[in-house]
Number of protein chains: 2
Amino acid sequence: MKQAESTLPGGLFMDLDRSGPVPLYFQIASRIENAILEGDLPPGSRLENEIALGERLGLSRPTVRRAIQELVDKGMLVRRRGIGTQVVHGQVSRKVELTSLYDDLASGDRHPSTSLLLHEVIEADARIAEVLGVPVGDPILHIRRVRGADDVPVAVLENYLPRDLVDLSEEDLAEHGLYQLLRARGTMIRVARQRIGARRASAEETTLLEIDKGGPVLTMERTAFDNSGRAIEFGSHCYRPDLYSFEVTLVDK
Amino acid sequence: MKQAESTLPGGLFMDLDRSGPVPLYFQIASRIENAILEGDLPPGSRLENEIALGERLGLSRPTVRRAIQELVDKGMLVRRRGIGTQVVHGQVSRKVELTSLYDDLASGDRHPSTSLLLHEVIEADARIAEVLGVPVGDPILHIRRVRGADDVPVAVLENYLPRDLVDLSEEDLAEHGLYQLLRARGTMIRVARQRIGARRASAEETTLLEIDKGGPVLTMERTAFDNSGRAIEFGSHCYRPDLYSFEVTLVDK
DNA sequence: CAGTGCCCTTTGTCATGACATTATCAGGGG
DNA sequence: CCCCTGATAATGTCATGACAAAGGGCACTG
């Protein structure tokens, strides 16, 4: 099979910003990623080897290697020892990362809307205490929202937040995405565990989502943890399956 | 908050196998992972800093760092600069990685079964040619199976395989999992892109899965790529939502 | 007493160097 | 003509060293 030998476009080798806060490996990774998305690096083409790439960029091999690793983890490149590094076939759609539905919609063309159905502080029962890792009886903020895109309902979002966050106001929640608010408070989400399933819509969900009675909904339960490893949020969501789905990219390690 | 200072159990520091084929960073990562799963490293506890850990193990910092990174990527550890590395709260359920439904079931207590409904070689139409990255008209193996666990139907699996794999026999497919067969042929799957959604079951699926008419099914479409970046398989699957769901762990980078 | 600035700890980034492992390919021998 | 073997090329692993950046605590000051 003929492999495109990929004389890399000159744009990849523009000046690097060595003083700014952006890591060098990240700058390189971004440029390679753009080259792939723009079609300058077609699927199947081979990258230069790590040593040569480093010399041309004036970088050490570990730095170049780390840049490549970023894209391997994203599923855009594949490495083979003794062979080289190649671009994966199949066009990549921007993958969903650690973003909320609000972010997903906002980054697209559609503009999101929110209506707050419920906003109450309750005491943690056994189940909530378990998933959030707090004592039973601890104060918990319980909210329930309907998220829409272009005024069409997309999802019913039910969330439970631990005591540090019970003071989130109704106005903020009606106006902004939950993750947006958390970021603004300086609490960064680092890890999230999700379970994705499906079931029949309840009567209430049928009404809220404007779907047929007994129709299917896509469900997602998520526990999110901050940078100190403590649980920050438990969410039980259901989505209109004709308007939303999840994308996942898996990489063998 | 009181942090367990985590005098690490002695088992972590047993002799390393420096001659064998298992990388040192992998050996360390495995031991830390076991310590977490066994409860020796409780949630919230801090690890020793990377330098000290390296000295006690007789390893350099990059090696220790890489071991820790493996577990960070798995969502089991969280790092904070200036602070240290801590164990994430919440018990981890064994993650689902790049495995097939067959592997998932077999690794549990249940024993999987397969019935082959369809096994034909067709010519690639525009859609299949697109997702597999082959010319229109190329020979494609089209199979359709029902996967059961303990004799209860769990999923309807429809797969399309490119020309290299059209010679998979009916006997093999009825007997083994698809990914099992691919591994046996030496083709390793490195990257997979999945889309997870939901919809109403078709009439045929209703019968095959023994569910109520018009009931919901969980759907997954997947394109898998081998270590040279070529598409190896396209699958369009639907699952009984009361018997199966997807787990995903996301890590912010 | 409270606010502020300095210092220490720890992870984040980057460079250099070395050897191991694996796949391809060309050449020689059966 | 085929198989085996060695050379070559590329990634995989590991060590050592250095500096930067961020977070927390402590002491000093207003």
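Just so you know, all these numbers are worked out from the coordinates, no wet-lab data involved. The structure presented is a predicted model; accordingly, all values stated were derived computationally and were not measured. Quick reminder, even Gly has a Cβ in these numbers, built from the backbone with ideal geometry, and neighbours come from all protein chains shown.
When the residues of segment B:30-65 are narrowed to those that are exposed (fewer than 13 other Cβ atoms within 10 Å of the Cβ) and at positive phi, which ends up nearest to DNA strand D (Cβ to nearest atom)? Among those that are exposed (fewer than 13 other Cβ atoms within 10 Å of the Cβ) and at positive phi, it is B:Gly58.
Apart from one condition, A:Val191 fits all of (1) aliphatic (A, V, I, L, M); (2) surrounded by 22 or more Cβ atoms within 10 Å (Cβ to Cβ); (3) more than 17 Å from B:Glu247 (Cα to Cα); the exception is (3).
Can you say whether A:Leu173 is assigned to a loop (DSSP other than H, G, I, E, B) and either on the phi > 0 side of the Ramachandran plot or over 18 Å from the mean Cα position of the chain (by Cα) (or both), as far as the supplied structure shows? Can you show your working first?
Values: assigned to a loop (DSSP other than H, G, I, E, B): no; either on the phi > 0 side of the Ramachandran plot or over 18 Å from the mean Cα position of the chain (by Cα) (or both): yes.
Against the criterion (assigned to a loop (DSSP other than H, G, I, E, B) and either on the phi > 0 side of the Ramachandran plot or over 18 Å from the mean Cα position of the chain (by Cα) (or both)), A:Leu173 does not qualify.
Exactly one residue out of B:Leu208, B:Leu218 is closer than 12 Å to B:Leu157 by Cβ, outside any loop (DSSP other than H, G, I, E, B) and of a type in the set (A, V, I, L, M, F, W, C): that is B:Leu208. Within segment B:121-133, being touching a residue at least 40 places away in the same chain (Cβ under 8 Å) and farther than 16 Å from B:Gly235 by Cβ holds for one residue alone: B:Val121.
Suppose the filter is under 20 Å from A:Asn227 (Cβ atoms), within 12 Å of DNA strand D (Cβ to nearest atom) and among the acidic types (Asp, Glu); does B:Glu70 pass it? Spelling it out, B:Glu70 is indeed under 20 Å from A:Asn227 (Cβ atoms), within 12 Å of DNA strand D (Cβ to nearest atom) and among the acidic types (Asp, Glu). When B:Leu168 is tested against (1) in contact (Cβ under 8 Å) with a residue 60 or more places away in the chain; (2) more than 7 Å from every other protein chain (Cβ to nearest Cβ), only condition (1) is not met. Taking the conditions exactly as written (crowded, with 19+ Cβ neighbours inside 10 Å, at positive phi and not in a strand (DSSP E or B)), does A:Gly229 satisfy them or not? So A:Gly229 fits the description; yes.
Looking only at segment B:24-80, residues that are within 29 Å of A:Arg222 (Cβ to Cβ), more than 11 Å from DNA strand C (Cβ to nearest atom) and not charged (D, E, K, R) come to 17 in all. A count restricted to segment A:128-158 and to residues that are exposed (fewer than 15 other Cβ atoms within 10 Å of the Cβ) and closer than 22 Å to A:Glu205 by Cα stands at 3.
Does A:Leu243 satisfy the criteria of being more than 7 Å from chain B (Cβ to nearest Cβ), of a type outside the set (Val, Ile, Thr) and out of contact with any helix residue (DSSP H, G or I) (no Cβ under 7 Å at 6 or more places or on another chain)? For A:Leu243, the condition - more than 7 Å from chain B (Cβ to nearest Cβ), of a type outside the set (Val, Ile, Thr) and out of contact with any helix residue (DSSP H, G or I) (no Cβ under 7 Å at 6 or more places or on another chain) - is met. Scoring B:Asn159 on the criteria (1) assigned to a helix (DSSP H, G or I); (2) under 20 Å from B:Glu221 (Cα atoms) leaves a single failure, condition (1).
Of all residue pairs spaced 6 or more apart or on separate chains, those with beta-carbon atoms under 7 Å, a first member in segment B:173-192 that is away from every other protein chain (no Cβ under 14 Å) and a second member that is in a helix (DSSP H, G or I) are B:Gly177/B:Tyr102; B:Gly177/B:Asp103; B:Gln180/B:Tyr102; B:Leu181/B:Asp172. Residue count for segment B:17-29, restricted to those that are more than 13 Å from chain A (Cβ to nearest Cβ) and either part of a helix (DSSP H, G or I) or near DNA strand D (Cβ under 8 Å from one of its atoms) (or both): 5. When segment B:213-222 is limited to residues that are more than 23 Å from B:Arg127 (Cβ to Cβ) and at the interface with chain A (Cβ under 9 Å from one of its Cβ atoms), the one that is surrounded by the fewest Cβ atoms within 10 Å (Cβ to Cβ) turns out to be B:Gly214. Exactly one residue out of B:Arg110, B:Arg144 is among the basic types (Lys, Arg), out of contact with any Ser or Thr (no Cβ under 9 Å at 6 or more places or on another chain) and touching a residue at least 40 places away in the same chain (Cβ under 8 Å), and it is B:Arg110.
When segment B:177-188 is filtered for residues that are crowded, with 17+ Cβ neighbours inside 10 Å and not in a helix (DSSP H, G or I), the ones remaining, listed by number, are B:Gly177, B:Thr187. Only residues that are aliphatic (A, V, I, L, M), closer than 13 Å to B:Glu50 by Cβ and away from DNA strand D (no atom under 11 Å from the Cβ): list them for segment B:74-88, please. Selection gives B:Leu77 alone.
Annotation: of all residues in segment B:73-82 being touching a strand residue (DSSP E or B) at 6+ places or on another chain (Cβ under 8 Å) and without any contact (Cβ under 8 Å) to a residue 24 or more places away in the chain, the one that is surrounded by the fewest Cβ atoms within 10 Å (Cβ to Cβ) is B:Arg80.
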